[in-house]
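Everything on this sheet refers to the single structure shown next.
The values are calculated or read from the model by the stated rules, or taken from the named source; none is laboratory data. Please read these numbers as outputs of a predicted model, since none were measured by experiment. Cβ atoms come from the backbone with ideal geometry, glycine included; neighbour counts cover every protein chain shown. Quick note on the areas: whole protein, heavy atoms, side chains included, nothing else; ligands and nucleic acids left out. Shrake-Rupley method; radii C 1.70, N 1.55, O 1.52, S 1.80 Å.
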Amino acid sequence: FVGKMETGNLTIIKDFVLLGLSGSAEQQHFLSVLFLCMYLITISGNMLIILVVGFDFHLHLPMYFFLSNLAFVDICFTSTTIPQMIVNIVTDTQSLS
């Protein structure tokens with residue numbers, strides 16, 4: 001038994017570094033507006049699916065219930081990733097915690 005501890009790599013990574021989609025300020029503005037529009041279309045389309053399946057009695061079938069659950073999961077996924085990406089593009093931040 002040796003009383004000395006071995007030292008290894010003790011690096012702790014807390015952030016991911018994003019390389020970005022573009023270096024130009026004009027292109028970053030265009031991309032942020034484009035992603036915002038796509039985000040709003042995605043949210044409104046998925047909400048429309050959930051509302052139609054929920055209010056129309058003829059669509060209370062397992063297939064449409066599954067479709068509304070997929071729409072809800074899509075809303076959850078895009079609501080966690082896309083706004084953070086838009087903020088990173090606008091503020092020119094290149095790291096995610």
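Across segment 83-97, the qualifying residues are those that are open to solvent by less than 40 Å² (accessible area, probe 1.4 Å) and among the β-branched types (Val, Ile, Thr), and the one among them that is farthest from Val17 (Cα to Cα) is Ile86. Checking each residue in segment 39-78 for being surrounded by 14 or more Cβ atoms within 10 Å (Cβ to Cβ) and either in contact with a Cys (Cβ under 6 Å, 6 or more places away or on another chain) or under 30 Å from Gln27 (Cα atoms) (or both) picks out Tyr39, Thr42, Ile43, Asn46, Asp74, Ile75, Thr78.
Just the residues that are at pLDDT 85 or above and outside any helix (DSSP H, G or I), please, taken from segment 58-97. Passing the criteria: His60, Leu61.
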